[in-house]
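Following: one structure in structure tokens, then a few remarks.
The values are calculated or read from the model by the stated rules, or taken from the named source; none is laboratory data. Predicted model, so just to flag it, every value in this text is computed and none were measured. For neighbour counting, all protein chains shown are included, and Cβ atoms are generated from backbone atoms with ideal geometry for every residue, glycine included. These area figures cover heavy atoms from the full protein model, side chains too; ligands, DNA and RNA do not enter into them. Shrake-Rupley method; radii C 1.70, N 1.55, O 1.52, S 1.80 Å.
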Amino acid sequence: MGLEILQVDAFTNQPFQGNPAAVCVLPEGHPGAQDASWMQSLAAEVNLSETAYLYRLEEGFSLRWFTPTIEVDLCGHATLASAHVLWERSYLKPGVQARFHTRSGLLTADRRDGWIELDFPAVREQRAEAPPGLAAALGIRPTYVGKNKFDYLVETESEESVRSARPDHTALKKLPVRGIILTSRSSQPGFDFVSRFFAPGSGIDEDPATGSSHCCLGPYWSERLGKQEFTAYQASPRGGVVRVRLEGDRVRLGGQAVTVLRGELSDGASIPAPETAVAEW
């Protein structure tokens, strides 16, 4: 049999909404577990914003995330999708915590009242001078610009400004960051703030629903709204709902997920190709 790969829509309870991620659980001894080149090639073939690879360890699972072009250090929606798969496909019993060993340290996921809650590190921003062309590339008027180790965070005056933004992705791609978070307070009942996330430099013009950006948005809006818990909406065309809860230097991200596709890689694609020998003449 070929290697199973699943497509999961994360931060939604409806198919074809939220953020799709591919999830591949590698069996024990699979050579792909140590082959980043094969992982990257498969992620490019799948061509979703993220492909997640899981490999069982003594305590939990190794988890790596790849866009179609690069491996990334932190990804919320593919972690949510991975936890969903582990429980849905019985890799974990229903009450057992999912534990992920990643490039951002140990991350955990728990099931709570029909939602999956991720435990992520807070990634706080600091006020920064806007790089030349940022406002023009976003097509909005910033009221605040900050920067953390991954992204620029840009607040604008209204939810309408966030929703109507039509970024110049070619211009944004030139910025030396993973992506740009655009945000404002929400004008809709039931939501505290809205956001969108653009990452053309990472191979994703607009990410539909981004968990890791809320590791910055949570602390940011906590200071402005005087709260520790939020319900946020990512206003991409697909949309996504994220529950955010601050606990010191950690951010709890709550979301739902639904599997939309299951398939198998062919035997040839399931195993990394051997290195090509170079003939000596």
Per the list (1) surrounded by fewer than 23 Cβ atoms within 10 Å (Cβ to Cβ); (2) among the β-branched types (Val, Ile, Thr); (3) at pLDDT 95 or above, residue check on residue 69 breaks on (3)
Test: residue in the range 28-43 that is under 19 Å from residue 209 (Cα atoms), in contact with a strand residue (DSSP E or B) (Cβ under 8 Å, 6 or more places away or on another chain) and open to solvent by less than 20 Å² (accessible area, probe 1.4 Å): yes
For the range 82-133, the count of residues that are outside any strand (DSSP E or B) and within 16 Å of the chain's Cα centre (by Cα) equals 8
Per the list (1) open to solvent by less than 30 Å² (accessible area, probe 1.4 Å); (2) within 24 Å of residue 199 (Cα to Cα); (3) of a type in the set (A, V, I, L, M), residue check on residue 116 breaks on (2)
Of (1) at negative phi; (2) modelled with pLDDT of 95 or more; (3) more than 13 Å from the chain's Cα centre (by Cα), residue 60 satisfies every one except (1)
Of (1) at pLDDT 95 or above; (2) closer than 24 Å to residue 48 by Cβ; (3) among the polar types (S, T, N, Q), residue 97 satisfies every one except (2)
Residue pairs qualifying under the 8 Å Cβ cut-off, at least six apart or on distinct chains, with the first in the range 89-101 being closer than 19 Å to residue 115 by Cβ and the second being assigned to a loop (DSSP other than H, G, I, E, B), are 98/92; 99/59
Within the range 236-255, the residues that are in contact with a helix residue (DSSP H, G or I) (Cβ under 6 Å, 6 or more places away or on another chain) and open to solvent by less than 10 Å² (accessible area, probe 1.4 Å) are 242, 244, 251, 253, 255
Subset of the range 22-42, residues touching a Leu at 6+ places or on another chain (Cβ under 6 Å) and under 16 Å from residue 86 (Cα atoms), comes to 22, 23, 25
Note: among 16, 11, just one is closer than 26 Å to residue 198 by Cβ, open to solvent by less than 10 Å² (accessible area, probe 1.4 Å) and among the aromatic types (Phe, Trp, Tyr), namely 11
Result of the Cβ filter at 9 Å on the range 104-128, keeping first residues that are under 13 Å from residue 220 (Cβ atoms) and partners that are in a loop (DSSP other than H, G, I, E, B) and acidic (Asp, Glu), at least 6 apart or interchain, is 122/249; 124/249
Within the range 134-146, residues touching a residue at least 24 places away in the same chain (Cβ under 8 Å), open to solvent by 20 Å² or more (accessible area, probe 1.4 Å) and in contact with a Lys or Arg (Cβ under 8 Å, 6 or more places away or on another chain) come out as 139
Over the range 99-113, the set of residues among the hydrophobic types (A, V, I, L, M, F, W, C) and open to solvent by less than 50 Å² (accessible area, probe 1.4 Å) is 100, 107, 109
Pairing a residue in the range 225-253 that is farther than 15 Å from residue 122 by Cα with any residue that is in a strand (DSSP E or B) and open to solvent by 60 Å² or more (accessible area, probe 1.4 Å), where Cβ atoms lie under 7 Å and the two sit 6 or more apart in sequence or on different chains, gives 231/243
